[in-house]
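Okay, structure first, notes after.
The values are calculated or read from the model by the stated rules, or taken from the named source; none is laboratory data. Keep in mind it's a predicted model, so treat the numbers as computed, not measured. Cβ: placed from backbone, ideal geometry, glycine included. Neighbour counts: every protein chain shown.
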Amino acid sequence: MHKPNKKIMVAATSFAISVNVLNALADQTNSLDVGPVMVKGILPDRLETVPGSYSVVDEKALNERRPFSIQEAINNVPGVHIVGENTFGLGVNIGVRGMDPRRTSRTLLMEDGMPLFLGPYGDPSAHYTTPIERVQRIEVVKGSGQILYGPQTVGGMINFVTKPVPKNGFEGSVTGMVGNNDFTGFAANLGVGGEQGGIMIDAIQKKGDGIRKNHDFEMRELMVKGQLNLTESQRIIAKVGYYEEDSHVSETGLGAVEYAQDKYQAPTGKNDRFEYQRKSLQLQHIFDINANATLTTNAYYVDAFRTSFRQINESGSLGGVSVMDRCTGLGPATVANAEQCGGRHRPRSYDYYGFEPRLDIKHSLFGIDSTAVVGFRYHEEGNKRQQFRDGDPRAQSLSYAKAFGDFREDIRIDIEAKSYYAQNTFYLGDWTLTPGLRVEDYKKKINVLQAEGDPQGFAKTNSQTVWLPGIGTTWNGIANTTVFAGIHRGFAPPRPSRDIDFEMLAGLDAISSTKAEESTNTEIGVRSSYFKGVGFEATLFNVDFDEIVIQRTAGNFVNAGKSQMTGVELAGRIDFGRMYDSPHNFYIAGNYTNLFTAKFDKNTDQTTSGNRLPYAPRDIASLNFGYEHPIGFNARIGVDYVSQQYVDPDNTTVEVLNGQEGRIPAYTLLNASLNFRPVGSKLTYFMSGHNLADKEYLVSRVDGKVAGRQRQVFAGIRYDF
């Protein structure tokens, strides 16, 4: 990958063009009697004009739920399905509206508008998400507003909005947490600011035991955020971060026999390891030309390295019991046998950078009051993938495996992408109409130096330009009520980092053995707070997929033709205290998703028309009861329900010995939280619990059977100053 150099000239040119366009439009916007343009997160100021479904998990909701991680924070968002393979949100699996949740690859994850994946185009895997301690609110967008962001637009978008730099002197908080399973956590947020700007530091450390035995983990993050107010109309915001994770997580699950013996065992867990380091930089220049126009220029850079070591390649390969497949003759996988064997290392490095000027402006160019968004993004990323294998126990060290092991793979992937987008919202009385268009123009190059243990030395390059239109409308003819409808095209580029068939690629002008996925996403719905103390939303959605990619067997991904996901999402909350003007507030909050259709629409070599999509439960529901006391006390208890799921395209119902086929039964989990902050106090005392009934349940069969988290409780104290 080429590091930023001459691209600075392109960025400067884009900036200059944007300023010229802005000045031309600014002349005719001075007469508009509207409020100032505010750019916050990915949702606009006027939420009633959003032509699609969205959810905002704000600071109040985060404090109510006291989530362990991002997983619990968005678990009550309708349409969202989370596969909880891990304890505290390391490597999250989020699916939206029937999309495969594996590593969240079909849901665009962002922090303050910046992509978070290992490689947004080449390897959209969520091995990192913003720690919940740094989050001020979470925005989940599933409607037509997605065309402003990319490249993963077939599902939804999730944006983590971080806390702002203080404006009024010295502020901050310190939080300490402790729980069962040897969990401890610490978070500090310290900042100072004034008229000229400010600076803020976040430091976070967590460690504990995972779901399975020998699955301990530790993560640390340091983030520095600063703001400099250049003038009354210009400011610069910068973030620099470093994150590291060290966890003993076995990526392979269990065979059927060993799962029945002890579903929480991980015989190779002491030796299996996942390490991840991530360095990030984000710069944002905000230029308020006048009250109606804002030019925002974002730039970002990420450098990440992840390496994993595992000793089992396929679960349950010996009659339902896993074996040390690098060491023939050792027999079943046990803690003792694991010490005598090597395994497989997969070190991978990633870096990407981009810059994006975006113009938000209110205008009346067409004789109609409107809000327009026009932007461009240039993005480059590189990915270096290697693999080493050896059965010698000394090969548990990566340095030994590199020096003496079997050198299996060396692949370099480089991507250059240009994205263009424009959207205009027309205000027509009680109606709004929002057409828009996004264009993705990208080029990918793959250089295969080593594959399947043999030198290859072939390189391929291809490119694609995709046009992604969208249009949505809203009607606000009833007080505090919005009726909305929208349709947009979605797109997910092929993944050369994963979908590689080396024999096939050697004879094709392709860099992936799968084609790009495209979708048509349609929805109609209503959200309302018409009645005092009552808020609700209902959405009917349909997603038609072309060339959906499925995992046929472990590590084998193929296109499976057309598919369809159709369902209804319901969400609501009743606050009786607000309804009856009482300081004592009892509330009921819940959501329900009925994915009544999630099927393959075409007979192929891989699928049967009418079969249900893997990991697409028909019913997902949450119901919470809470109470808020005026002295600063609140309590919540809730249940989460997920119906049964198929895990393979054949909809297998009989379990196989390796654990990778068969149903996942339905499960219901009990959780609760308590918070107490005395009036006038700077101390907050809290407690949160997940799976309080300690229910045993299955969550995944991707690489064998994986159990869900047992009872987890933690308590803490937070001091604000």
TODO: Hey, can you tell me all the residues within region 135-193 that are part of a loop (DSSP other than H, G, I, E, B) and under 17 Å from the mean Cα position of the chain (by Cα)?
DONE: 142, 143, 149, 150, 151, 152, 153, 154, 155, 156
- [ ] For residue 166, state whether it is of a type outside the set (Val, Ile, Thr), over 23 Å from residue 50 (Cα atoms) and free of Cβ contacts under 8 Å to residues at least 60 places away in the same chain.
- [x] yes
TODO: Please go through region 198-224 and pick out each residue that is surrounded by 17 or more Cβ atoms within 10 Å (Cβ to Cβ), over 30 Å from residue 311 (Cα atoms) and more than 22 Å from the chain's Cα centre (by Cα).
DONE: 198, 200
Open item on the list: Given the condition under 17 Å from residue 225 (Cα atoms) and crowded, with 23+ Cβ neighbours inside 10 Å, answer yes or no: does some residue in region 140-158 qualify?
Closed with: no
Task: residue 397 vs. criteria among the hydroxyl-bearing types (Ser, Thr, Tyr), surrounded by fewer than 19 Cβ atoms within 10 Å (Cβ to Cβ) and at pLDDT 95 or above - done: yes
- [ ] Find the residue count for region 575-595, including only residues that are part of a strand (DSSP E or B) and farther than 23 Å from residue 549 by Cβ.
- [x] 10
Task: Tally, over region 55-68, of residues that are surrounded by 21 or more Cβ atoms within 10 Å (Cβ to Cβ) and either modelled with pLDDT under 95 or small (Gly, Ala, Ser) (or both) - done: 5
- [ ] Go through region 194-217 and give me each residue that's charged (D, E, K, R), in contact with a Leu (Cβ under 8 Å, 6 or more places away or on another chain) and not in a strand (DSSP E or B).
- [x] none
Task: Residue list for region 120-139, restricted to those being under 25 Å from residue 493 (Cα atoms) and touching a strand residue (DSSP E or B) at 6+ places or on another chain (Cβ under 7 Å) - done: 120, 121, 122, 123, 126, 127, 128, 129, 130, 139
- [ ] Go through (1) touching a helix residue (DSSP H, G or I) at 6+ places or on another chain (Cβ under 8 Å); (2) under 25 Å from residue 535 (Cα atoms); (3) not aliphatic (A, V, I, L, M) and name the single condition residue 477 misses.
- [x] (1)
- [ ] Might you let me know whether region 253-268 holds any residue that is within 23 Å of the chain's Cα centre (by Cα) and among the charged types (D, E, K, R)?
- [x] no
Open item on the list: For residue 680, only one of the following conditions fails: (1) surrounded by fewer than 17 Cβ atoms within 10 Å (Cβ to Cβ); (2) under 30 Å from residue 603 (Cα atoms). What is its number?
Closed with: (2)
- [ ] Quickly run through region 233-284 and pick out the residues that are surrounded by fewer than 20 Cβ atoms within 10 Å (Cβ to Cβ), in contact with a Ser or Thr (Cβ under 8 Å, 6 or more places away or on another chain) and β-branched (Val, Ile, Thr).
- [x] 240
- [ ] Please specify each residue of region 218-272 satisfying the condition of being part of a strand (DSSP E or B) and in contact (Cβ under 8 Å) with a residue 60 or more places away in the chain.
- [x] 219, 221, 223, 225, 226, 227, 237, 239, 243, 245, 247, 254
TODO: Determine whether residue 653 is surrounded by 15 or more Cβ atoms within 10 Å (Cβ to Cβ) and either hydroxyl-bearing (Ser, Thr, Tyr) or under 26 Å from residue 93 (Cβ atoms) (or both).
DONE: no
Task: Selected residue (only one of 441, 410, 414, 390 is more than 30 Å from residue 482 (Cα to Cα), among the acidic types (Asp, Glu) and in contact with a helix residue (DSSP H, G or I) (Cβ under 9 Å, 6 or more places away or on another chain)) - done: 390
Task: Hits in region 626-642 (condition: surrounded by 18 or more Cβ atoms within 10 Å (Cβ to Cβ) and either free of Cβ contacts under 8 Å to residues at least 40 places away in the same chain or within 27 Å of the chain's Cα centre (by Cα) (or both)) - done: 636, 638, 640, 642
Open item on the list: Suppose we keep only residues that are in contact with a Ser or Thr (Cβ under 9 Å, 6 or more places away or on another chain) and not in a strand (DSSP E or B) within region 366-400. Which one would you say is nearest to residue 337 (Cα to Cα)?
Closed with: 391
Open item on the list: Considering only residues that are acidic (Asp, Glu) and under 25 Å from the mean Cα position of the chain (by Cα), which ones fall in region 366-414?
Closed with: 380, 381, 414
- [ ] Scan region 290-312 and give yes if some residue there is under 33 Å from the mean Cα position of the chain (by Cα) and farther than 30 Å from residue 110 by Cα, otherwise no.
- [x] yes
- [ ] Could you tell me which numbered condition residue 576 fails, if it satisfies all but one of (1) within 29 Å of the chain's Cα centre (by Cα); (2) of a type in the set (A, V, I, L, M, F, W, C); (3) at pLDDT 95 or above?
- [x] (1)
Open item on the list: Just to verify a result, which residue in region 599-620, among those that are of a type in the set (A, V, I, L, M) and in a loop (DSSP other than H, G, I, E, B), is nearest to the chain's Cα centre (by Cα)?
Closed with: 616
TODO: Can you confirm whether region 612-625 contains a residue that is buried (at least 19 other Cβ atoms within 10 Å of the Cβ), within 25 Å of residue 318 (Cβ to Cβ) and not acidic (Asp, Glu)?
DONE: no
Open item on the list: For region 415-436: of the residues being farther than 30 Å from residue 495 by Cα and of a type in the set (A, V, I, L, M, F, W, C), which is farthest from the chain's Cα centre (by Cα)?
Closed with: 428
Task: Complete set of residues in region 527-564 that are out of contact with any Gly (no Cβ under 9 Å at 6 or more places or on another chain), outside any strand (DSSP E or B) and either at negative phi or surrounded by fewer than 17 Cβ atoms within 10 Å (Cβ to Cβ) (or both) - done: 530, 531, 532, 555, 560, 562
TODO: Answer yes if at least one residue in region 322-340 is touching a residue at least 60 places away in the same chain (Cβ under 8 Å), assigned to a strand (DSSP E or B) and of a type in the set (Lys, Arg), and no otherwise.
DONE: no
Open item on the list: Kindly evaluate residue 394 against the criterion of being closer than 30 Å to residue 121 by Cα, of a type outside the set (S, T, N, Q) and in contact (Cβ under 8 Å) with a residue 24 or more places away in the chain.
Closed with: no
